[in-house]
Structures are given as structure tokens and as C-alpha cells.
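The structure under discussion appears below in the form of C-alpha cells.
The values are calculated or read from the model by the stated rules, or taken from the named source; none is laboratory data. Nothing here was measured: the structure is a model prediction, and the numbers come from that model. FYI the Cβ positions are ideal-geometry reconstructions off the backbone, even for glycines, and counts take in every protein chain you see. To get the accessible areas, we keep the full protein, side chains included, count just its heavy atoms, and leave off ligands, DNA and RNA. Shrake-Rupley method; radii C 1.70, N 1.55, O 1.52, S 1.80 Å.
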Amino acid sequence: MVTITDVECASPAEKHGIAPGDILISINGYDIRDVLDYQFRLCEKKVTLKLHRGPELFDVTIKKDEYGDIGLRFETYLMDKKRSCKNKCVFCFIDQLPCGMRDSLYFKDDDSRLSFLMGNYITLTNLTDEDVERIIEMKTSPINISVHTTNPELRVKMMKNKHAGEVLDYMRRFAEAGISLNCQIVLCKGLNDGEELIGSMRDLTKLTPNLLGVSIVPAGITDHRDGLYPLEPFTAEELNGVIDTVDAFAAECMEKYGSRLFFCSDEMYLQAGRPLPDEEYYEGYPQIENGVGMIRSMQCEFEDELEYLSEYDLEKPRTLSIATGEAAYDFILSLANELTRRVESLNITVYKIKNNFFGKNITVAGLITGKDLLEQLKDKPLGERLIIPSVMLRAERDMFLDSMTTTELSEKLSTDIVTADSTGADFISSILY
């Protein structure tokens, strides 16, 4: 049962007398608990809603297009509370946050509904058999799963949840039901690497052809790990070894399944000091949201966009700056240099921002705070605009992880702040337009 908070004006629901405050109990006889139930049961040309208003129970039947909306609104997007994580993973980044950040950043999400609706990764430990059956019935696909290891005992150790090993069987049930799976392995030195990694990759191939791909990313290790499991970062040499291991296994998968299936993140290549693979390697970038192939994709898009700049000229000379993390600095600098070579009236300075907030082991741009930007750029020439990657900000593009807003930073640095997505076209647009 969920409470209706608003009814869209002139919608089918309003025309049939449904009002804010009414409680939706079922659709076509099926109980409604959350957004998945609601959207799935609404996909009929004729729906009968059972509602509760005060002491009265009543039915409303609406005829509509098969996938048409009826105009009901609810208190939250999920029509329910988000499910928090039940694990205590040894590598959990949220456990490594310093005190004093905004409350929402400390919430650990592990909600299967958001896996389907928003692309979030889940560990499966929040699922019940009833949840699994509902996912199978609704064919909610793909599902994004944080696997980390297929060794049940090791998974229990890494996630500190006694059920973490048992629920691995859910993946098999999903695959057998025809549901596609995206998987992720957060690699921790001395735990799930080496032979354990090979074993996990071997086990995951049993999910083909429903296994879309697996990203392998290094655990993020901040300076705020007092009292936590003693993790150490991989050395460049060790990361090269991991990439070699994954590549060798992925080559076998290509021969057997027609896909590499397993991909190391860009971060691994950058930290290993190793050139990124070419575009064909990434097979259409199925794991780009996990940082796999993002740089190569941006490079290719950038080069395509350059074809339109052969006769481009600014009305007047433009001086600006770009801030990025240590990991991507050399890459962003190379793009900036190529652009200034093509557009003579353009002057760009690229600044490498060290992550003092989280610590020296965190080098990605997406975890840079407003405070670090301010402290490291306040005495630097920035030009008429400072361009930052949008991944530094929350979804609304207005606030950094430390709650400093882009408006505050702009005022303190006395320059405009412009955000750019991680695409070649948006990078060029943020500079030239």
C-alpha cells in the first residue's frame, strides 16, 4: 500500500475521481509495494485500481494506452524508503569518509530497485527469495551486481555478512531466467587478487550468454582508515601484473564466447603507467559507467570533433584554465595542447589537483573537493573561466563532496566555473562556446 500525494491535472486518474491522500492498495489484483510493482502492473490497456479513502474501499477502472501513465504521484521516487546496505565491506569507501560531511553521503545504498532504475550496483545481500522471484517475473534487466569474489567464504570475509556467500546463487537463477548481468569486482591487494581473481573470472563465465561484462577496479584507499581492515594500495608493477592476468583470461573468453567479458578500469592503466587499449578493445564500452574505456571514448570523440575545427577562429583571444585529478592530468593536458595548436587564439592552462581531502592514494577527478580546488588555485592565473569535469559534482551540478557550491568557488576564485561531461564533444564545447 502506498499513499498518493498528488494527481496530475486532467490526467486519467483525476478524471476518474482519484485524489491526493488516497491509498493505492492493488492494480488488477496485485499488491503494490513500490515503484517496480506500480510500473509493471500499470503496463496494461485496462487497469483496475483498488483504493482506500478514509473508511471506504473502492475500485477505479481506467482504459489507456498499454504503457500510458495515469497521472499519480507519490512521496518518493521509489514509493518507499531506500534500502540501506547490510554489509561492512573491508574496502567500503563510505567508511573511509572523514567526519563533518553532509548526511546523505554517509548513507550506504544497496537497493535492487535502483539497480534496474538508476544503474546502481548491488551486492544481493538485501534480497529475499520473494525479491528474486519478483525480479524474474518482471524480467528487470539488466541487473548490476557487485560480486568482488565468487568464493563464498572469502566473500563473507570481505563483506562481513554471513549471508554474502549464500546469495551468489541468485546470479545463476537470474541468468537461467534470461536476465542480463553486469558485474563488478573491487580488487583488494592480498584478498581477492591473484588466484582468487582467476577463480572468480572462471566462475562468472558460467553465466554466459547472460553475462554482459565485468569491470575490475582497484579499491579506493583514503587517509581516513583508522580502525578499519589494513588495506594497501597496489604498486604500478602489481597493477601491470593484474592487467596481464585479466587480458590473458579475456583473450580466452574472446575465442570461446566472442567477447572479452573482463575489463580493467582506466584507473588501473593510468596508475600502472600503461597505454590504454584501442577503441575496438572495449567492444562498444559496455562498462563505461564503471570507468572502463571512458578515456579512450573521450579521446576518439575529441578527435572526431576536431574535424570540424579546421577553419575555426575565436572572435577574440581567449584565456582559460582546466582543473583535473592527478590520474587524468596527462591525458587532459594532451587534449588541451592539441586544441590550442588548432585554434591559435586560444590559451589553456591545465592544473593538476592533489587530493589533500581524501589523501594521496585518491587520484581520480571525481573525488576532488571544492576546498582542494580553492586552496590549490587561489593564487593561480585562471583566465575568464575555469573548466571542471562534471563528475566532481553531485547530480544537480551545483555542489562538491565537501558541500562547497560552484557559486561559492566561483566567487572566491573570481572566475566563472564551467562544467564539462566526460565526452570529447562536451570538452571542446566547454572551451570554445
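Take residues that are open to solvent by less than 30 Å² (accessible area, probe 1.4 Å) and closer than 20 Å to I288 by Cα and tell me which of the helices (runs of 4 or more DSSP H) falling wholly in segment 145-231 contain 1 or more. Steps first, please.
Details: elements: 152-159, 169-176, 194-204.
Of the helices (runs of 4 or more DSSP H) lying wholly inside segment 145-231, those with at least 1 residues that are open to solvent by less than 30 Å² (accessible area, probe 1.4 Å) and closer than 20 Å to I288 by Cα span 194-204.
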| task | Using the structure shown, decide if K162 is free of Cβ contacts under 8 Å to residues at least 12 places away in the same chain and basic (K, R). | result | yes
| message | Of the conditions (1) aromatic (F, W, Y); (2) in contact (Cβ under 8 Å) with a residue 40 or more places away in the chain; (3) surrounded by fewer than 13 Cβ atoms within 10 Å (Cβ to Cβ), Y308 satisfies every one except a single condition; which number is it? | response | (2)
| query | Is there any pair with a first residue in segment 194-220 that is of a type in the set (S, T, Y) and a second that is part of a helix (DSSP H, G or I) and open to solvent by 20 Å² or more (accessible area, probe 1.4 Å) whose Cβ atoms are under 6 Å apart and which are 6 or more apart or on different chains, and what are they? | reply | T208/Y257; S215/N290
| task | Restrict the check to segment 349-363 and report whether at least one residue is open to solvent by less than 50 Å² (accessible area, probe 1.4 Å), of a type in the set (F, W, Y) and touching a residue at least 40 places away in the same chain (Cβ under 8 Å). | result | yes
| request: Out of R341, R385, R394, report the one residue that is open to solvent by 20 Å² or more (accessible area, probe 1.4 Å), among the basic types (K, R) and under 25 Å from the mean Cα position of the chain (by Cα). | output: R394
| task | Take segment 410-422 and flag every residue that is over 25 Å from the mean Cα position of the chain (by Cα) and not in a loop (DSSP other than H, G, I, E, B). | result | S410, E411, K412, L413, D416
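Being part of a helix (DSSP H, G or I) and open to solvent by 40 Å² or more (accessible area, probe 1.4 Å) is the filter here, so list the residues in segment 368-382 that pass it. Let's see the steps before the verdict.
Step one: of segment 368-382, the residues part of a helix (DSSP H, G or I) are 370-377.
Within segment 368-382, K371, E375, Q376 meet the criteria.
Here's the yes/no breakdown for (1) in contact (Cβ under 8 Å) with a residue 24 or more places away in the chain; (2) on the phi < 0 side of the Ramachandran plot; (3) surrounded by 14 or more Cβ atoms within 10 Å (Cβ to Cβ):
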{"position": "P20", "(1), (2), (3)": "no, yes, no"}
{"position": "Q39", "(1), (2), (3)": "no, yes, yes"}
{"position": "K45", "(1), (2), (3)": "no, yes, no"}
{"position": "P55", "(1), (2), (3)": "no, yes, no"}
{"position": "D59", "(1), (2), (3)": "no, yes, no"}
{"position": "E66", "(1), (2), (3)": "no, yes, no"}
{"position": "L72", "(1), (2), (3)": "yes, yes, yes"}
{"position": "S84", "(1), (2), (3)": "yes, yes, no"}
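With I23, I4, I32, I27 as the choices, which residue is within 35 Å of the chain's Cα centre (by Cα) and either more than 18 Å from T76 (Cα to Cα) or of a type in the set (D, E) (or both)? Can you show your working first?
On the way: I23 fails: either more than 18 Å from T76 (Cα to Cα) or of a type in the set (D, E) (or both); I4 fails: either more than 18 Å from T76 (Cα to Cα) or of a type in the set (D, E) (or both); I32 fails: either more than 18 Å from T76 (Cα to Cα) or of a type in the set (D, E) (or both).
Residue meeting the stated conditions: I27.
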